[in-house]
1. Cα-Cα over 19 Å: which of LYS27/LYS182; LYS93/LYS184; LYS7/LYS115; LYS115/LYS182; LYS132/LYS184?
2. Measure off 7 Å from each Cα along the Cα-to-Cβ vector at ASN158 and ASN146, then give the distance between these two points in nanometres to one decimal.
3. Under 10 Å, Cα contacts only: if you run a Gaussian network model on the chain, which one of TYR107, TYR128, TYR34 comes out with the highest mean-square fluctuation?
4. Under 8 Å for C-alpha pairs, at least 6 residues apart: give me the relative contact order for region 34-190, rounded to a whole percent.
5. Once you've got the GNM for the chain with C-alpha springs shorter than 10 Å, pick whichever of GLY178, GLY12, GLY63 has the biggest mean-square fluctuation.
6. With no other cysteine's Cβ closer than 4.7 Å, which Cys residues of the chain count as lacking a disulfide-compatible partner?
7. For the chain, what is one quarter of the convex hull surface built on the Cα atoms, given in nm²?
8. Between region 6-29 and region 44-115, what's the alpha-carbon centroid distance in Å?
Amino acid sequence: MARTESKMIQLGSRAFDFQLPEPLTGKTIRLDDYQNYQAYVVLFICNHCPYVIHVHDELLTIGREYQSKNIAFFAISSNDVANYPDDAPEKMKERAIQFNYPFPYLYDESQEVAKAYDAACTPDIYVYDKNKLLVYRGRIDASRPNSGVPVTGIDLRNALDAVLTNQEIDPIQYPSLGCNIKWKEETIKN
């Protein structure tokens with residue numbers, strides 16, 4: 001596990017229209033099929049990362065709370081499952097059932113979606129406004145495993161609340177910190 005920060009891509013960037021399978025339902029989910037939401041949240045997560053496990057329950061709580069406020073959420077796992085079998089689609093399905101995921105948990109087998117978003121770590125969080133333009137990227141909050149800082153989701157919550165009330169989001173945003181995305185060898189070479 002390499003501790004990696006998110007890349008903090010340019011605010012105002014347009015969301016990449018992914019088309020990914022959801023292991024739980026067998027359906028293919030396409031971002032552009034989701035219209036008329038106040039915001040769109042794209043979460044790069046996985047099953048095994050201790051940083052994701054640390055904030056997992058709060059991500060689900062935030063997802064449940066804010067989906068009811070017309071915000072769409074998508075969780076994506078892009079890890080190399082040949083070397084990290086805990087992140088394989090069947091394990092993703094088990095996790096989505098076990099924790100009653102309130103949003104789609106999608107599998108990015110080719111890793112093209114992670115590359116398009118310039119995702120670097122898990123968790124890596126992106127919030128897009130109603131026009132699918134990036135308004136927030138980075139961390140859920142300042143908590144890390146064994147840090148003694150409670151998980152509150154305050155950074156993500158503040159960004160979502162600002163979108164919902166048409167307020168400016170604080171331009172001072174902090175990168176997420178987590179495990180690096182487990183790239184396939186051929187992806188690294190490209």
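1. On the way: LYS27/LYS182 24 Å; LYS93/LYS184 21 Å; LYS7/LYS115 12 Å; LYS115/LYS182 12 Å; LYS132/LYS184 29 Å.
Where the Cα-Cα span goes over 19 Å, the pairs concerned are LYS27/LYS182; LYS93/LYS184; LYS132/LYS184.
2. 2.8 nm
3. TYR34
4. The value is 31 percent.
5. Of GLY178, GLY12, GLY63, the most mobile in the Gaussian network model is GLY12.
6. CYS46, CYS121
7. For the chain, the mean projected area of the Cα convex hull comes to 10.1 nm².
8. Between the Cα centres of region 6-29 and region 44-115 lies a distance of 12 Å.
Read-outs: derived from the displayed coordinates by stated rules, not from any lab. Keep in mind that this is a model prediction, so the values were computed, not measured. Positions of Cβ are generated from backbone atoms using ideal geometry, with glycine treated the same way; all protein chains shown enter the neighbour counts.
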